[in-house]
Amino acid sequence: MGIKQNLKRILLRINSDLTDLLYRRPYRDAEAGERKRSKDKLLHLDLVITECCTRKCRDCSNLMQYYKSPENIPDITVINDLSRVLDCVRVGELKVLGGEPFVNQQLIIKLMQFLSADYADKVDRINIITNGTVIPYDDCIEAIKANSKAEVTFSNYGLVSCHQDEFVDLLKNNGIPYTIVNGTYTWFDFGRPDKYYESEEFVQRQYKHCYNRKNCNTLYRGGFYVCPRQAHGIHLELLPNSEDEYVDINDFHITTNDELRERIMKLIRRNQHISACHYCIYGKYIHVPRGVQQP
Ligand code: SF4
């Protein structure tokens, strides 16, 4: 065993939190204070509008590669869910994603209109996350352009993002803001959705430092989830369905907006890890090449 591994072992034995901070922790949580202070605002929210994707990434942490019959989420479901949530909390960054969201362009158009009307004040920023494989139709581009809060982010997977350059030109010509995220050539390996039998200490620590549970709370098919892996894993019946670990936003027992806000804020402030974390190895911080396609 090398010096580096020995050092890691010794540090882990002394204090695992300190080890994460000094040696393994993958990011600095610059928003921790703001998140803690916020009583009625989600800094980020992932809104899933489709399970369909144009690619099948072997290591997709959100488990999209496990869908055998993926579907676009019905317009009415997405709009109703979003209005229910925005009736009780504000959102800093609303991330619109799939799968590949531009597979469901009619819904993007409706969302842009919906978020320009009654709910315009409830969302600071709308960020559509794409893999750059689908060129939007003119009416979709027009709808994005008409919403001053909308922007597009490309998760650049190199050759896999085959229409990115053309798409970027389209955005430039229409004055739509965009970002290309190509700084990371590797992903963290979250592992297959299998139970890993790691120690409680490991699972709790990985939850505590998990980027996704802080930045990617997910709204999907009537549920408000801690992270997208949990949302899709439960829907795919690959992960345990523990009903007290997400909020059913259409639960008829929740009768007021205050009550729903309280349930959502309690979930995002939850200290105890969720069951899904036993089926995840994010906290090992293993790197894998991004966007590797499976047959
Ligand atoms: S399952 Fe747990 S550790 Fe894995 S991404 Fe979700 S919250 Fe994070």
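Where a number appears in this text, it was derived from the coordinates with a stated rule and is not lab data. From a predicted model like this one, the values you see are computed outputs, not experimental measurements. Cβ coordinates were reconstructed from backbone atoms using ideal geometry, including for glycine residues, and neighbour counts include every protein chain displayed.
In the chain, which cysteines lack any other cysteine Cβ under 4.7 Å from their own?
52, 53, 88, 140, 162, 210, 216, 227, 277, 280
Highest mean first, how do 251-257, 167-173, 138-144 rank when packing is the count of other Cβ atoms within 10 Å averaged over residues? Spell out each step's value before the answer.
Numbers: 251-257: 11.4, 167-173: 14.9, 138-144: 17.0.
Final packing ranking: 138-144, 167-173, 251-257.
At what distance in nm do the modelled label points of residue 286 and residue 124 sit from each other, each positioned 7 Å from its Cα along Cα→Cβ?
Label at residue 286, label at residue 124, 3.7 nm between them.
Between residue 148 and residue 30, how many nm apart are label points set 7 Å from Cα along the C-beta direction?
2.5
Quick check: Cα centre of the range 112-188 to Cα centre of the range 50-70, how many Å?
20
Please report the equivalent ellipsoid semi-axes of the range 43-289, computed as sqrt(5 x eigenvalue) of the Cα gyration tensor, largest first, in whole Å. Don't jump to the answer; show the numbers that get you there.
Working: eigenvalues 158, 112, 46 Å².
Semi-axes from the Cα gyration tensor: 28, 24, 15 Å.
For a Förster distance of 45 Å, can you work out the FRET efficiency between the beta-carbons of residue 256 and residue 58, rounded to the nearest 0.05?
0.50
For the range 43-289: lysine pairs with Cα atoms under 15 Å, gap of 8 or more or different chains, count?
11
Please list the equivalent ellipsoid semi-axes of the range 107-231, computed as the square roots of five times the alpha-carbon gyration tensor eigenvalues, in descending order and whole angstrom.
Output for the range 107-231: semi-axes of 32, 20, 12 Å.
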